1. Please enumerate the residues belonging to the range 15-63 that are acidic (Asp, Glu) and away from ligand 1 (no atom under 16 Å from the Cβ).
2. Name the single residue, out of those in the range 315-361 being of a type in the set (Val, Ile, Thr) and farther than 22 Å from Ile284 by Cβ, that is farthest from the chain's Cα centre (by Cα).
3. Of all the residues that make up the range 238-281, how many are of a type in the set (A, V, I, L, M, F, W, C), within 14 Å of ligand 1 (Cβ to nearest atom) and in contact with a Leu (Cβ under 9 Å, 6 or more places away or on another chain)?
4. Is it true that Ala169 is in contact with a Lys or Arg (Cβ under 7 Å, 6 or more places away or on another chain) and closer than 30 Å to Glu533 by Cα?
5. For the range 501-526, which positions are touching a Leu at 6+ places or on another chain (Cβ under 7 Å) and closer than 25 Å to Asn421 by Cβ?
6. If you scan the range 606-626, which residues turn out to be in contact with a Phe, Trp or Tyr (Cβ under 9 Å, 6 or more places away or on another chain) and within 22 Å of Tyr274 (Cα to Cα)?
7. Check whether at least one residue in the range 4-11 is closer than 23 Å to Ile284 by Cα, within 14 Å of ligand 1 (Cβ to nearest atom) and either of a type outside the set (Ser, Thr, Tyr) or surrounded by fewer than 16 Cβ atoms within 10 Å (Cβ to Cβ) (or both), and report yes or no.
8. With the structure loaded, tell me whether Trp500 is out of contact with any strand residue (DSSP E or B) (no Cβ under 8 Å at 6 or more places or on another chain) and more than 15 Å from Asp411 (Cβ to Cβ) or whether it fails that test.
Amino acid sequence: MSLPATYLDGLNPEQRRAVEHGVGAGPCPPLLVIAGAGSGKTNTLAHRVAHLVVNGADPHRILLMTFSRRAAAEMTRRVERIARRVMGDGARGGYGALSWAGTFHGIGARLLREHAERIGLDPAFTIHDREDSADLMNLVRHDLGFSKTESRFPAKATCLSIYSRCVNAGLPLDQVLGANYPWCAGWAAELKQLFAGYVDAKQRHNVLDYDDLLLYWAQTMTEPALADEIGSRFDHVMVDEYQDTNALQASILLGLKPEGRGLTVVGDDAQSIYSFRAATVRNILDFPKAFSPPARIVTLDRNYRSTQAILGAANGVIDLAAERFTKNLWTDRAIGARPQLVGVRDEADQARYIVERVLEHRESGTTLKQQAVLFRTSSHSAPLELELTRRNIPFVKFGGLKFLDAAHVKDMLALLRFVQNPRDRVAGFRVMLLIPGIGPASAQKALDAISAAADPLAALANVPSPPRAGADWRDFIDAVRELRDGVAGWPAEIERARLWYEPHLDRIHDDVATRRADLVQLAQIASGYPSRERFLTELTLDPPDATSDQAGVPLLDEDYLILSTIHSAKGQEWKSVFVLNVVDGCMPSDLGTGTSAEIEEERRLLYVAMTRARDDLHLVVPQRFFTHGQNAMGDRHVYAARSRFIPDRLLTLFERVSWPHVAPSTAGYPTRQAPPIDIGARMRGMWR
Ligand code: ATP
Ligand code: MG
C-alpha cells in the first residue's frame with residue numbers, strides 16, 4: 001500500500017535524503033547528519049522517526065536519545081503528530097508512541113534497573129544528584145580525615161568534579177589533574193584514596209550517581225550476552241546533539257549497534273559546549289570511521305531559523321574560531337534588522353533595558369513565551385529576576401535552581417528515598433536529622449545497626465529509641481513502616497509522608513506557607529508517575545525548573561518569559577533573544593584556566609546563544625558587572641570590556657545602541673579598562 005507522504009514535501013533534498021536513508025531497504029547503514037544551527041537537524045530526526053514508523057517500524061523498538069527529557073517529549077509529540085496525520089486515528093494507540101525516548105541517563109537508569117540482578121546491582125538502587133554525591137564525597141572525606149579546614153584539601157564539589165571527569169573521559173587521575181586541576185595536583189594520592197572510598201560507599205549504600213548510570217551501562221555493554229540482549233531490543237537508535245556526548249556514550253552506542261546498522265546521530269561541531277563534562281567533539285568526527293561500512297554522511301547548510309542579519313552576525317562570530325568542520329550557513333529569510341549591541345551602565349540598567357523591550361514586544365503582539373533571556377552562568381540573572389518580580393512579569397528559569405533544590409522538597413524526597421532504599425545513607429541521614437533529639441551520632445548508630453540486616457526497615461523497628469527522641473522517633477518508625485508496607489498506595493503515600501514531615505517543617509522554618517504549598521505541588525507532580533521508583537528516578541535525573549513564584553512547576557497555560565543558561569537553551573529557538581553580560585570575564589568566563597581550548601568553547605557558547613534567535617537579537621554589554629566571589633578578590637564590581645568574540649571588525653554586523661540615551665561621553669562603548677585593585681582583599685587573603 002502506498003502511503004501519502006505529504007509530510008516529506010516540506011523537506012529540502014538533503015533533509016529528505018537523511019529521512020529516507022535505508023528505510024525499508026534491508027539493513028540500514030549508519031547515518032551521520034552534521035550541520036550548523038537551525039538547519040533542521042532535530043526536525044529531520046523527528047521526520048526520520050515518523051517516516052520509519054509510517055513504513056512499518058515498531059515504535060517500541062526505536063531508541064531515541066536527546067539532551068533533555070523536555071526535548072525527548074517534544075520530539076515524541078512531533079512524531080505522533082505526523083504518524084497520526086498519515087495513518088489516521090489508528091495511529092493513536094501504537095504508531096508514533098515511542099516508549100524509549102529520553103536522555104542517556106534516563107534510559108540508562110531504566111535498563112540498569114531491568115537488568116540489575118544480572119550485573120550485581122540491587123534493583124532498589126536510588127540515584128544521587130550532584131548535591132547528594134557531594135555530600136557522600138564529604139562523608140567519605142571526613143572518614144578518611146582529609147578535612148578541608150586543616151589541610152586546604154579541595155572542596156567536596158571540586159573532588160566530585162575531578163572524579164566525574166576521570167570517569168566520563170576514561171582518563172587517569174594524574175592526567176585530569178595536570179590538564180584541568182593543576183592546583184590540586186599535590187593531592188593525587190589522597191584523591192585516589194578518597195575516590196576508592198567513595199566508590200566503595202556507593203556500593204555499600206546501593207546508590208548510583210549520574211556518572212554511574214553511563215559507566216555501569218557502558219560496562220554492561222562489554223558483556224557480549226547482555227550487549228546482545230539489550231542491543232537486539234532496538235531496531236533503530238537515534239541520538240540528537242551528538243557533539244555533546246562523551247567517550248562513555250560513544251562506547252554505549254558502539255555496544256548497542258556494533259555494526260552501526262540502524263544507528264543515526266545528528267550534531268554540530270560548532271555547538272560543542274559540554275567539554276567540562278568530558279564531552280568530546282571527536283565522537284562526531286570519528287563516527288564515520290567507527291563502522292564498516294562507514295557511515296553515510298549528510299550535511300545541511302540552509303538555515304531556516306534566523307533572519308539574514310542574525311545569521312550573518314552569528315557566522316561572523318564562529319568564523320573566527322580556530323577550528324571547525326561544518327560550513328557557513330545561508331538562509332533565504334528576509335534580511336531583517338541587524339542584531340543590537342546594547343551598551344548599558346551596569347546590570348541594573350541591563351535588567352531595566354530588557355524589561356522595557358520585553359514589554360514593548362508584548363505590546364506589539366510577541367508573547368512572553370516567544371522571548372528568552374540567555375546568560376552564561378545562572379547567577380547572572382539575579383538582578384533581572386528582581387526587576388521582573390518588581391514589575392510583576394512571570395518567568396520560568398531553566399538551568400538554574402531547581403524546584404528540587406529547596407530544602408523542604410529534598411527532605412520529603414529523602415524520606416521516600418530512604419523507604420525505597422534504606423541503605424541510602426545520605427537520604428537516611430537527612431531524614432533522621434530532622435527528628436528533634438537526633439544528632440549525627442545517633443543517626444549514624446541507627447543507620448549502622450540496620451545496614452547489615454537483610455530487611456533494614458524491619459530492623460529499624462528494633463533500634464532502641466535514642467533517649468532524647470522518644471515519641472518523635474516512634475512517629476518516624478510508624479511512618480516508615482506504613483510507607484514500606486504500601487498502606488496508602490502510590491501516589492497517596494505522599495500524603496502520609498507529608499503528614500509525618502509537616503510538623504518538622506513548621507518547627508524548622510519560618511516561611512511555612514510557601515513551603516507547604518510546594519509540598520502540595522510535589523504531590524501533584526508525583527501523581528503523574530506510575531510508581532515511587534519512577535518518580536524518584538525521573539525527578540532526580542531531570543528535575544522541574546524554578547519559576548518566578550520560587551515554587552512549583554510552571555503553569556503551562558500561562559504566559560511567561562524564559563530565562564535560561566545558554567547550556568540549557570540548546571536546540572531551542574525564540575522570536576526574540578536577549579543575551580546578558582556579553583563582556584570579557586563572562587563571555588569568555590574568567591572561571592576557567594584560560595586555555596585556548598576553553599576560550600574556543602566559550603566562543604561556541606556565544607554562537608549557540610546567538611543562533612537561538614529567529615527575528616530579533618540583543619547582546620547586552622554592561623560597563624560594570626558584579627562578580628560573585630569566584631576569584632581571589634571575592635564579590636566586587638569590575639569594569640568590563642565588550643567580549644573579545646566581537647572584535648571591532650565585526651561591529652558593522654551589529655547596530656550599536658547605548659541605553660538609556662545619555663551623552664556619549666558617559667554612555668559610549670565600554671573600552672578596556674584595568675579593573676580596580678582590591679588591596680584590602682589581598683591582605684585578608686594572606687591570612688586565609
Ligand atoms: P540546532 O542546531 O539549534 O539544534 P537544528 O539544526 O536542530 O537546530 P531545527 O530545530 O530542527 O534545527 O530547525 C530549526 C527551525 O527550522 C525550526 O523552526 C524548524 O521547524 C525549521 N525548519 C527545519 N527544516 C525546515 C524546512 N525544510 N522547511 C521549513 N522550515 C524548516
Ligand atoms: Mg536541534
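1. Asp58
2. Taking the candidates together, the pick is Ile335.
3. Number of matching residues: 5.
4. For Ala169, the condition - in contact with a Lys or Arg (Cβ under 7 Å, 6 or more places away or on another chain) and closer than 30 Å to Glu533 by Cα - is not met.
5. Tyr501, His504
6. The answer is Leu606, Tyr607, Ala609, Arg612, Ala613.
7. Within the range 4-11, none of the residues are closer than 23 Å to Ile284 by Cα, within 14 Å of ligand 1 (Cβ to nearest atom) and either of a type outside the set (Ser, Thr, Tyr) or surrounded by fewer than 16 Cβ atoms within 10 Å (Cβ to Cβ) (or both).
8. Considered against the rule, which asks whether it is out of contact with any strand residue (DSSP E or B) (no Cβ under 8 Å at 6 or more places or on another chain) and more than 15 Å from Asp411 (Cβ to Cβ), Trp500 comes out as no.
The values are calculated or read from the model by the stated rules, or taken from the named source; none is laboratory data. Here the structure is a predicted model, which is why all the values come from computation and not from measurement. Heads up, the Cβs are rebuilt from the backbone with ideal geometry, glycines too, and the neighbour counts pull from every protein chain shown.
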